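Engineer: Just dropping this structure here.
The values are calculated or read from the model by the stated rules, or taken from the named source; none is laboratory data. Computed from a prediction, not measured in an experiment: that's the story for all the values here. Every residue, glycine among them, receives a Cβ derived from its backbone with ideal geometry; neighbour counts consider all protein chains shown. Just the protein is used for accessible areas: all its heavy atoms, side chains included, with ligands, DNA and RNA removed. Shrake-Rupley method; radii C 1.70, N 1.55, O 1.52, S 1.80 Å.
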Amino acid sequence: MDLDSLDHEPHVRRALELAREAGERGDGAYGSVLVRDGAIIDEATNREHSDDDLALHPELTLARRAGSELSPEERAETVLYTSTEPCPMCATGIAYAGLGGVVYSVSGAAVETEVGGETGLDCETVFESFDADIPVVGSVLRSDGLEIHRRYRERSQ
C-alpha cells in the first residue's frame, strides 16, 4: 500500500478526538479508526478501565474486528489511523490481521520521553519480527497527540 499518496490528517484528527473521549472517560487517552477506500469503516477507543480489560486497546480491538469481519484482501486495503504508535501487543494483532498500513500521531518513544511511561518495542520492529510488510507513517499532528497525553497525565496524577 502506498501511504504517501493518502491524506492522513483528517483520519488522525478523528483518532485524536477519540483519544480525548477515552481520556475524559477515565481510560487511557488512545483512539483509532480503520479506513478503507478513504472512508472510516470502524473506530474504537481505549476501554481498559471502563470495561476492566487490559487488552482493550483501540488498535487491537480494530485488528480483531477486521480479522473477523473482513476478508484478507479487504484487510490488506485498510489503514489503521491511531493517536499513538501501537504498542507491541497491538502491533502483533495488526500483523496477524494483515492490515495494509498504520499511521500514527505520536510515537511511543516520544510519549515516554515527554510525559513518562514505558513503550517497549516500536511497531515497525514488531512487524519485521513477523515478516509482515506493513508500511508505517508517524508523527502526523505530533504536537496535538502529545498534548492529549500531557492533559491525561495531569488529570490522572
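Engineer: Under unit Cβ charges (Lys, Arg +1; Asp, Glu -1), what dipole magnitude, rounded to 20 debye, does the chain have relative to its Cα centre? Mind showing how you got there, number by number?
Structural biologist: Details: 14 positive and 32 negative charges, 100 e Å.
About 480 debye.
Engineer: Over 19 Å, how big is the tail of the calculated P(r) for the chain, in percent of all Cα pairs? Write out the running numbers ahead of the final one.
Structural biologist: Working: 5773 of 12246 pairs.
Everything past 19 Å amounts to 47 percent.
Engineer: For q values of 0.13, 0.18, 0.25, 0.27 Å⁻¹, compute log₁₀ I(q)/I(0) with the Debye formula on a Cα-only model of the range 72-157, without solvent.
Structural biologist: Debye curve over Cα of the range 72-157, log10 I(q)/I(0) at q = 0.13, 0.18, 0.25, 0.27 Å⁻¹: -0.42, -0.74, -1.18, -1.29.
Engineer: By average Cβ neighbour count within 10 Å, what is the ranking of 128-135, 20-27 from highest down? Present the calculation step by step, with values, prior to reporting the outcome.
Structural biologist: Numbers: 128-135: 14.6, 20-27: 17.6.
Order by mean packing, descending: 20-27, 128-135.
Engineer: Right, another one. Determine the share of the chain's accessible area contributed by carbon and sulfur atoms, expressed in whole percent, with a 1.4 angstrom probe.
Structural biologist: Working: 3350 of 7710 Å².
For the chain, the apolar C and S fraction of the accessible surface comes to 44 percent.
Engineer: Dipole of the range 56-117, Cα-centred, from +1 at each Lys and Arg C-beta and -1 at each Asp and Glu C-beta, to the nearest 20 debye? Intermediate results must be reported in sequence, preceding the final value.
Structural biologist: On the way: 3 positive and 8 negative charges, 31 e Å.
Result for the range 56-117 is approximately 140 debye, rounded to the nearest 20.
Engineer: Note down the net charge around residue 56, summing +1 for each Lys or Arg and -1 for each Asp or Glu among other residues with Cβ under 11 Å from its Cβ.
Structural biologist: Values: positive: 47, 64; negative: 27, 48, 51, 52, 53, 59.
It works out to a net charge of -4.
Engineer: Based on Cα coordinates alone, diagonalise the gyration tensor for the range 1-69, multiply each eigenvalue by 5, take square roots, and list the semi-axes in whole Å, largest first. Don't skip to the end; give the middle numbers.
Structural biologist: Details: eigenvalues 102, 44, 12 Å².
Working from the Cα gyration tensor, I get semi-axes of 23, 15, 8 Å.
Engineer: Right, next: For the range 3-156, calculate the relative contact order in percent as a whole number, restricting contacts to Cα pairs under 8 Å that are 6 or more residues apart. Write down the numbers at each step before the final one.
Structural biologist: On the way: 317 pairs, mean separation 34.6, N = 154.
In percent, rounded to a whole number, it is 22.
Engineer: Before I look further, what does the range 1-108 give for accessible area per residue, probe 1.4 Å, in whole square angstrom? Don't jump to the answer; show the numbers that get you there.
Structural biologist: On the way: 4600 Å² over 108 residues.
With all protein chains present, the range 1-108 gives 43 Å² per residue.
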